[in-house]
Amino acid sequence: MTDYVGAPGSTMSRREFLAATGGAGILGLAGCTAPTNDRTPASLRGETGTAAAQNASLPSTSPPEVVNVDEQGGSVTLQSAPARHAAHPLDSMGGPVELPQVWAFAADDGDPSVPGPILRTTEGEDMEVTLDNTEGKRPHTLHFHGVRKAWKDDGVPTTTGIRVDPGEEHTYTIPANVPGTHLYHCHYQTHRHIEMGMYGIFRVDPKGYEPADREYFMTVKDWDSRLSRMSAGEDVSYDPQNRRPDVFTVNGKSAPRTLHPEDGSPIIVSEGDRVRLHLANNGYMSHPIHIHNHRFERVEKDGGAIPEAARHEMDITNIAPAERHTIEFTADAEPGIYLLHCHKVNHVMNGGFYPGGMLGGVVYESVMDTDIFKQLMEYAGYEP
């Protein structure tokens, strides 16, 4: 159980959350159950027979953690391990939605997560990132977007001649010379290894950085679950030239699990907060991200600061594959619960059920003691 709640970034303690919700009354709605739908494909309901039994021994993923690499002397170790990933574990709202096997990154002694750990450093600081594949079963590399680095540290085996085979480890020097929000991923058999969950956010704070009142990290991704299921031993064939995305996630979770305060990523705000949201797209499709009832400005793109004269108010930002957008808004709406979602509406589904998928929410602290919030927490599966 984590001590903090909400999306990775700004922290709200579990104690503060319970106080805001009225504590034990959070699930006090009698007879409130999440809607179900029989049209959900068996492949998304975790009905995998023998394959499921074979993977039962794998660890389950945890939510991504923020690793302050500066506080660790400028070094971090990443390793990848097979794991089970529940995007939405409940038998409700089109669930369960499960990826029976992913290749999840873990930092140092942390838990494996999808997305991988958020690596945070400061402009001017070099990071020593060791890819530990000593317990691995297949080759991997690490490729970091955004920053300028030495040729040998680019992480592409076909052009550098460097790959990290099973039983090996390799250290990359990644200079923090381009401020902004970036991403990293495995670049060996990229079309498969990203699809299996080997991706994460890399953040370089500029010198003299002034954080917002609330600051969060959020990664969206579309998945073709056939590769995960094939890797788990199911009798299914994956064709990267003919992808059929059927799972859509925010920080690795599908709605309503996205609203779970510990396992998901609700954007928790108070009235008047200046909110900064770092968005990254680690999928293969563009996703127009829309926030209800709040106008925001895009202040960074791919690590480049957008001049104030070029900024304008908007309520949707279309993020292409590998793009990063940092947006800012003031929590000045009537206090409530407001959706954040992809506006390709078929991406806001779990199988045949709507809503689900790539949908999260902006939650004002002052409404956490309401019946509708309690109902959403039951949908998400939260137990205080």
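The values are calculated or read from the model by the stated rules, or taken from the named source; none is laboratory data. Being a predicted model, the structure only gives us computed values, none of them experimental. Counting neighbours? That spans all protein chains shown, and the Cβs are built from the backbone with ideal geometry, glycine included. Accessible surface is based on the protein model in full, side chains and every heavy atom, while ligands, DNA and RNA are left aside. Shrake-Rupley method; radii C 1.70, N 1.55, O 1.52, S 1.80 Å.
So that you can scan it fast, the table gives a plain yes or no per residue for (1) under 19 Å from the mean Cα position of the chain (by Cα); (2) touching a residue at least 60 places away in the same chain (Cβ under 8 Å); (3) part of a loop (DSSP other than H, G, I, E, B):
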| position | (1), (2), (3) |
| --- | --- |
| His294 | no, yes, yes |
| Val363 | yes, yes, no |
| Ile372 | no, no, no |
| Leu376 | no, yes, no |
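A Cβ distance below 6 Å, combined with a sequence gap of six or more or placement on separate chains, defines the contacts here; from segment 304-317, residues that are closer than 26 Å to Tyr338 by Cα reach residues that are modelled with pLDDT of 95 or more and open to solvent by 100 Å² or more (accessible area, probe 1.4 Å) in the pairs Glu313/Arg295; Asp315/Arg295.
Residue-by-condition table, conditions (1) touching a helix residue (DSSP H, G or I) at 6+ places or on another chain (Cβ under 6 Å); (2) within 14 Å of Gly197 (Cβ to Cβ); (3) surrounded by 22 or more Cβ atoms within 10 Å (Cβ to Cβ):
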site	(1), (2), (3)
Ser228	no, yes, yes
Gly233	yes, no, no
Asp239	no, no, no
Asn251	no, yes, yes
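Does at least one position in segment 318-331 carry a residue that is in contact (Cβ under 8 Å) with a residue 60 or more places away in the chain and surrounded by fewer than 16 Cβ atoms within 10 Å (Cβ to Cβ)? Checked against the condition, which is being in contact (Cβ under 8 Å) with a residue 60 or more places away in the chain and surrounded by fewer than 16 Cβ atoms within 10 Å (Cβ to Cβ), segment 318-331 yields no hits at all.
Return the residues of segment 145-173 that are aliphatic (A, V, I, L, M) and under 15 Å from Cys186 (Cα atoms); say none if nothing qualifies.
At the first step, the residues of segment 145-173 found to be aliphatic (A, V, I, L, M) are 147, 150, 156, 162, 164.
Selection gives Val156, Ile162, Val164.
Of all the residues in segment 358-380, those that are out of contact with any helix residue (DSSP H, G or I) (no Cβ under 7 Å at 6 or more places or on another chain) and open to solvent by 50 Å² or more (accessible area, probe 1.4 Å) number 4.
For segment 307-329, enumerate the residues that are in contact with a Ser or Thr (Cβ under 9 Å, 6 or more places away or on another chain) and either over 16 Å from Val204 (Cβ atoms) or outside any strand (DSSP E or B) (or both).
Asn318, Ile319, Ala320, Pro321, Glu323, Ile327, listed by residue number.
In segment 166-197, the qualifying residues are those that are of a type in the set (D, E, K, R) and open to solvent by 40 Å² or more (accessible area, probe 1.4 Å), and the one that is farthest from the chain's Cα centre (by Cα) is Glu168. Between Gly124, Gly155, Gly95, the distinction of being touching a strand residue (DSSP E or B) at 6+ places or on another chain (Cβ under 9 Å), buried (at least 24 other Cβ atoms within 10 Å of the Cβ), modelled with pLDDT of 95 or more and over 22 Å from Ala56 (Cβ atoms) belongs to Gly155 only.
Looking at Asn346, Asn293, can you tell me which residue is surrounded by fewer than 20 Cβ atoms within 10 Å (Cβ to Cβ) and touching a Phe, Trp or Tyr at 6+ places or on another chain (Cβ under 7 Å)?
The conditions single out Asn293.
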